[in-house]
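Chemist: Take this structure first; my questions come after.
The values are calculated or read from the model by the stated rules, or taken from the named source; none is laboratory data. Everything numeric here is computed off the predicted structure, so don't read it as measured data. Cβ placement follows ideal geometry from the backbone for every residue including glycine, while neighbour counts extend to all protein chains displayed. Surface accessibility is based on the protein's heavy atoms, side chains included, excluding ligands, DNA and RNA. Shrake-Rupley method; radii C 1.70, N 1.55, O 1.52, S 1.80 Å.
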Amino acid sequence: AEPGRYLVAAAATLVASVVSVRANATTDKVLSQAISNKAASENVFLVTRGEENEIVQESARALEREENPIIDSLVEELADYSQRYARANLTQQEVDVYLDTVEADETR
């Protein structure tokens with residue numbers, strides 16, 4: 001298979017989950033606020049080029065900070081995923097060796 005593709009999918013899922021939890025954290029005390037697609041799209045068109053550049057620069061500065069909880073969480077989850085993938089791969093290799101041995105014994 002293609003482990004890189006699965007790693008990218010896992011990373012994308014993790015990013016979406018982290019962003020979703022942090023952006024959509026709600027309690028029973030706070031009611032959800034409806035968002036108008038039309039109003040949101042109008043707000044996007046009102047952003048000036050300078051404001052767009054500032055948004056991009058602020059995002060870049062956030063990623064460069066020494067301690068970034070989002071990046072730290074991503075690194076931790078990807079390390080866990082890599083460890084699980086390595087274990088699964090090693091297990092599959094062990095199974096293959098066992099089955100090869102069984103097949104070799106059966107053919108003798």
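Chemist: How far, in degrees from 0 to 90, does helix 69-107 lean away from the longest principal axis of the Cα atoms of the chain, to the nearest 10?
Modeler: Rounded to the nearest ten degrees, it is 20.
Chemist: Could you calculate the FRET efficiency of residue 18 with residue 104 from 1/(1 + (r/R0)^6), where r is the beta carbon distance between them and R0 is 41 Å, rounded to 0.05? Mind dumping the intermediate values first?
Modeler: On the way: r = 48 Å, r/R0 = 1.17.
The calculated FRET efficiency here is 0.30.
Chemist: Return the loop-located GluC sites (Glu not before Pro) in the range 53-86 (DSSP other than H, G, I, E, B) with at most 12 other Cβ atoms within 10 Å of their own Cβ; answer none if there are none.
Modeler: Sparse-neighbourhood loop GluC sites (Glu not before Pro): 66, 67.
Chemist: How large is the dipole of the range 41-108 about the Cα centre if only Lys and Arg carry +1 and Asp and Glu carry -1, each at its Cβ, rounded to the nearest 20 debye?
Modeler: Here the size comes out at about 80 debye.
Chemist: With P(r) over Cα pairs in 10 Å bins from 0, in percent in mind, check [x] 10, 21, 27, 19, 10, 7, 5, 1; [y] 15, 48, 31, 6, 1; [z] 17, 51, 28, 4 and report the label derived from this structure.
Modeler: Correct label, based on the coordinates given: [x].
Chemist: A further question follows. Over the chain, with every protein chain in place, what whole percent of the accessible area is carbon and sulfur at 1.4 Å, could you tell me?
Modeler: 57
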